[in-house]
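For reference, the structure is listed below as structure tokens.
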Amino acid sequence: MAAFFKAVNAKVRSNPALNYFCSTHFWGPASNFGIPIAAVMDAQKSPELISGQMTFALTIYSATFMRYALAVTPKNYLLFLCHFINEGSQLTQGYRFVQWHYWGGREKAGVHGAVEGAKEKAAAAGDKIKEAVSK
């Protein structure tokens, strides 16, 4: 049985495209693309929901690993692209955070406590549902 798996592995590794597809140089960035996709999707949400600390941490993380992706041998351009997109997304989120909290965006929008109001409405709706179910 071990000989069978060894033969299959040798066959897969002999093809450069399959060898790349089966490597961590492909699957690491592929699984990591969830972070920039989430950041791009979050650009549609209210800036009130943005965490400044997490945005800062992800900005530093992406900048660090963009450099790392080009420092390894062979260069991992897919990992670089993943972190490049994330860096741009996090910088955009950081700008939105600063604009909302420090540069008067909240006052210009005329929205104070939109998240808290939504939470109160959700809690009230939850209470009504519990009352209806308990009857």
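The values are calculated or read from the model by the stated rules, or taken from the named source; none is laboratory data. These numbers were taken from a predicted model, which means no experiment stands behind them. So basically every Cβ, Gly included, is an ideal-geometry build from the backbone, and we count neighbours across all protein chains shown. Areas reflect the complete protein model, heavy atoms only, side chains present, ligands, DNA and RNA absent. Shrake-Rupley method; radii C 1.70, N 1.55, O 1.52, S 1.80 Å.
Here are the numbers for this structure:
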read-out: Cβ-Cβ under 6 Å pairs, at least 6 apart or on other chains, segment 87-105 side under 16 Å from residue 38 (Cα atoms), far side part of a helix (DSSP H, G or I) and open to solvent by 70 Å² or more (accessible area, probe 1.4 Å); value: 89/40
read-out: In segment 103-133, residue modelled with the highest pLDDT [restricted to those that are under 19 Å from residue 45 (Cβ atoms) and outside any helix (DSSP H, G or I)]; value: 103
read-out: Residue pairs meeting the criteria (Cβ under 6 Å; at least 6 apart or on separate chains; first over 26 Å from residue 78 (Cβ atoms), in segment 31-52; second exposed (fewer than 15 other Cβ atoms within 10 Å of the Cβ) and modelled with pLDDT under 85); value: 48/115
read-out: Total residues in segment 47-77, condition within 27 Å of residue 119 (Cα to Cα), open to solvent by 50 Å² or more (accessible area, probe 1.4 Å) and not in a helix (DSSP H, G or I); value: 1
read-out: Hits in segment 78-91 - residues which are out of contact with any Pro (no Cβ under 7 Å at 6 or more places or on another chain) and open to solvent by 40 Å² or more (accessible area, probe 1.4 Å); value: 80, 81, 84, 91
read-out: Qualifying residue in segment 4-21 (condition: open to solvent by 80 Å² or more (accessible area, probe 1.4 Å), assigned to a helix (DSSP H, G or I) and at pLDDT 80 or above); value: yes
